[in-house]
Amino acid sequence: MGETHLQDLQFRLMTIELLTIAKKKYTYRELASKTGLPVTVLSRYVKGHVLPGGGRARKLWVILKKLVGLEEELRRRIKFDESGYFDNTSIISDIALLKQAAQYALSKFAGRRITKVLTVATDGIPLATVVADALNVDLLMVKKNKEVGVKEFIEETFIPGFSDVITSLYLPKGAVKRGDSVLIVDDVIKTGETQRALMDMMKKARAEVAGIFALIAIENDWLSKLQNTPKCPIEVVITVRPRKIDKRR
């Protein structure tokens, strides 16, 4: 299969994933009105019975991006409570949405050498898994407890913003090697302390940080902790400003 053919197929599949997201917000009749396609055709696309041709997929993509683009969809799902917390369940459990985010990450880090994807358990795992799969690289999961059966760890300790408790992160020694180029992925960046700790952990392992990718950032205060590292692009899909911020991460 030629590269052009493969890319065309991937784009058509991405269009179906976007249509699947749109179907959660609109009825088939509403989508038929907006796209100009019959309900029966849209239904066959969503159920995976058939793929749209390349030309139709491109036209559908333009329409669907306006209806359920990644940024718009994330903002629609974020609802802060009076304490500044928000429930991310509808985001990290939606595989179609996460695949759309993975494609976003691919476009932003295109051309950069990435050999591993790194995240912290637990909420970052779904997104990082999909991104690692899209990049066809291994996934590294840092945990806050030492696992039984693992003899040696790379350890990093830090104090989360606005906290007086020391937090430790652990990664099995040997999971990342000297010369690896690692993409740090998380669902949310709040204070930047966790991401800074991951960068320091990779420095201990003599691995390169290829970049940082997150779906949501809370305010912009975290930037000062991460922007002093050269050659490390940071990509965040949306930045939100709650009335009261959860500072624990």
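The values are calculated or read from the model by the stated rules, or taken from the named source; none is laboratory data. This structure is a prediction, so every number in the text was calculated from the model and none was measured. A quick note on method: Cβ atoms are made from the backbone with ideal geometry, for glycine too, and the neighbour counts reach across all protein chains shown.
For region 70-94, residues that are part of a loop (DSSP other than H, G, I, E, B) and closer than 16 Å to T20 by Cα total 2.
I'd like the full set of residues that are hydrophobic (A, V, I, L, M, F, W, C) and over 10 Å from I184 (Cα atoms), limited to region 115-134.
Within region 115-134, A121, I125, L127, V130, V131, A132, A134 meet the criteria.
The conditions of being out of contact with any strand residue (DSSP E or B) (no Cβ under 6 Å at 6 or more places or on another chain) and either surrounded by fewer than 18 Cβ atoms within 10 Å (Cβ to Cβ) or not hydrophobic (A, V, I, L, M, F, W, C) (or both) are not met by D123. Only a single criterion out of (1) in contact (Cβ under 8 Å) with a residue 12 or more places away in the chain; (2) within 26 Å of L13 (Cβ to Cβ); (3) not in a strand (DSSP E or B) is not satisfied by V117, namely (3).
Can you pull out the residues in region 209-240 that are without any contact (Cβ under 8 Å) to a residue 60 or more places away in the chain and either in a strand (DSSP E or B) or not assigned by TED's automatic domain parsing to the domain that holds A101 (or both)? If the condition is that a residue be without any contact (Cβ under 8 Å) to a residue 60 or more places away in the chain and either in a strand (DSSP E or B) or not assigned by TED's automatic domain parsing to the domain that holds A101 (or both), then V209, I212, A214, A217, I218, I234, V236, T239 are the ones that fit. Can you tell me which residue in region 64-85 is farthest from the chain's Cα centre (by Cα), limited to those that are under 30 Å from G36 (Cα atoms) and among the acidic types (D, E)? So the residue we want is E72.
Screening region 41-58 for residues that are in a helix (DSSP H, G or I) and touching a residue at least 24 places away in the same chain (Cβ under 8 Å) and picking the one that is nearest to D94 (Cα to Cα) gives V46. Checking each residue in region 133-164 for being without any contact (Cβ under 8 Å) to a residue 40 or more places away in the chain and under 14 Å from the mean Cα position of the chain (by Cα) picks out D133, A134, L139. For region 193-203, indicate whether the set of residues that are surrounded by 15 or more Cβ atoms within 10 Å (Cβ to Cβ), among the polar types (S, T, N, Q) and not in a loop (DSSP other than H, G, I, E, B) is non-empty. Within region 193-203 (the criterion being surrounded by 15 or more Cβ atoms within 10 Å (Cβ to Cβ), among the polar types (S, T, N, Q) and not in a loop (DSSP other than H, G, I, E, B)), the answer is yes, since at least one residue qualifies.
Just give me the residues in region 121-139 being polar (S, T, N, Q) and at pLDDT below 95, in sequence order.
Looking only at region 121-139, we keep the residues that are polar (S, T, N, Q), and these are 122, 129, 136.
Within region 121-139, T122, N136 qualify.
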